[in-house]
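Student: The structure's right below; bear with me while I get my questions together.
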Amino acid sequence: MDIQQIVFRKRDNGFEAAAAQIRNLFKRLFDYAITCQIVSLNPAHATPTRFITRARSRTRALSPDEIKKYLRTLYGSNIRKQFKIESSSHTANPCEEVGVGFGPLVAC
């Protein structure tokens, strides 16, 4: 059984998202095998995702409490400051707008 048959069987049973995940897993596995020079081509490329499932727009947005939790986690982490969110606006601080204050130590 080849990759396309496995993926299409899952899709045809009504599991489009799972089929896309399986295809992407195969793609990553074969990309790695190519990098390791184990194989020379990726058979998962023969089955583009557009034939498996449709892209669906998402309308969910983070709530103010979720934004607070995200920002607290982000600024409490040990990642380098340059990778943290910085506001280019000096007039409005988005952290303070949602009730998260970090003081002068962190540019939010």
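The values are calculated or read from the model by the stated rules, or taken from the named source; none is laboratory data. The model shown is predicted, which means the values in this text are computed figures rather than measured ones. Reconstructed Cβ throughout: ideal geometry from the backbone, glycine too, with neighbour counts over all protein chains shown.
Student: Among the candidates A33, A46, which residue alone is modelled with pLDDT of 90 or more and small (G, A, S)?
Tutor: A33
Student: Filter segment 30-50 for residues that are aromatic (F, W, Y) and either assigned to a loop (DSSP other than H, G, I, E, B) or surrounded by 14 or more Cβ atoms within 10 Å (Cβ to Cβ) (or both) and give the result.
Tutor: F30
Student: Among what's in segment 51-108 and is small (G, A, S) and modelled with pLDDT of 85 or more, pick the residue that is farthest from F15 (Cα to Cα).
Tutor: S63
Student: Something else about it: State which residue pairs qualify: first residue aromatic (F, W, Y) and inside segment 15-41, second residue part of a helix (DSSP H, G or I) and loosely packed, with under 15 Cβ neighbours inside 10 Å in any location, beta carbons under 7 Å apart, and separation of 6 or more residues or different chains.
Tutor: Hits for this filter: F30/P43.
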